[in-house]
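Participant: This is the structure I have questions about; it appears just below.
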Amino acid sequence: MNAFASSRATDPFHSRYGFTLPRTMREATPQSTWQHMSWTAFTERFSPATGPLRLGSWTGHKAPGGKMVFDATFGLGDTIIACAATTYGPIEALTSMLYDAGFHLEILSFHQQTVGDETATFVLIERDGRREWSMATATDATLSSIRAVIAGTNILHR
């Protein structure tokens, strides 16, 4: 068995969906991490359900000039905030909203793949020199990407 096949065989995402993680994500995480990681442990590590930031709602509609207006609500601790941004895409809007809310981060890598009826999104996010991978799945590709960025934000703000 070659090294690539071996890494796929022990990758929890591959075990669940039959697809490998992005190469740069696999390379950034020691092989020993994947060897005994369950799906539950994988999602707790890369797609945490808890953290300082929670998505309440997300909507978008067309605006002049090819832009879109996005509206969102977020939970920040015990506070609910409403945000809006007019941009060319949802991730640009989300990062702008997060910046305004005090979550200063940069997306360094973004990957999506279809897994059955869902889209899996993987993002590498940086804050103050610290880099972390996160992931999310959803039936809607935009929602999957939003959830992945929020997961990464929560990981970086642990």
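The values are calculated or read from the model by the stated rules, or taken from the named source; none is laboratory data. Remember, predicted model here, so these are calculated numbers, not experimental data. When we count neighbours, we look across all protein chains shown, and the Cβ atoms used for this are built from the backbone with ideal geometry, even at glycine. Areas reflect the complete protein model, heavy atoms only, side chains present, ligands, DNA and RNA absent. Shrake-Rupley method; radii C 1.70, N 1.55, O 1.52, S 1.80 Å.
Participant: Residues of the stretch 139-158 being touching a Lys or Arg at 6+ places or on another chain (Cβ under 9 Å) and either part of a strand (DSSP E or B) or open to solvent by 10 Å² or more (accessible area, probe 1.4 Å) (or both), which ones?
Facilitator: Result: Ile150, His157.
Participant: Of all residues in the stretch 14-36 being in a helix (DSSP H, G or I) and β-branched (Val, Ile, Thr), which is nearest to Ser134 (Cα to Cα)?
Facilitator: Residue satisfying both the conditions and the ranking: Thr24.
Participant: Residues to consider are Thr20, Thr79; find the one that is modelled with pLDDT of 90 or more and not aromatic (Phe, Trp, Tyr).
Facilitator: Testing whether each residue is modelled with pLDDT of 90 or more and not aromatic (Phe, Trp, Tyr) leaves just Thr79.
Participant: For the stretch 102-138, which residues satisfy the criterion of being outside any strand (DSSP E or B) and closer than 26 Å to Gly66 by Cβ?
Facilitator: Listed by number, the list holds a single entry, Leu105.
Participant: Quickly run through the stretch 132-158 and pick out the residues that are touching a Phe, Trp or Tyr at 6+ places or on another chain (Cβ under 8 Å), touching a residue at least 60 places away in the same chain (Cβ under 8 Å) and closer than 17 Å to Arg45 by Cβ.
Facilitator: Trp133, Ser134, Met135, Ala148, Ala151, Thr153, Ile155, His157, listed by residue number.
Participant: Looking at Asp117, Asp100, which is the one that is closer than 30 Å to Phe13 by Cα and surrounded by fewer than 16 Cβ atoms within 10 Å (Cβ to Cβ)?
Facilitator: Asp117
Participant: Just give me the residues in the stretch 34-89 being of a type in the set (Asp, Glu) and open to solvent by less than 70 Å² (accessible area, probe 1.4 Å), in sequence order.
Facilitator: Matches in the stretch 34-89: Asp71 only.
Participant: Something else about it: Take the stretch 116-131 and flag every residue that is closer than 22 Å to Thr40 by Cβ and at pLDDT 95 or above.
Facilitator: Hits for the stretch 116-131 are Asp117, Glu118, Thr119, Ala120, Thr121, Phe122, Val123.
Participant: How many residues does the stretch 42-89 contain that are of a type in the set (D, E, K, R) and assigned to a loop (DSSP other than H, G, I, E, B)?
Facilitator: 2
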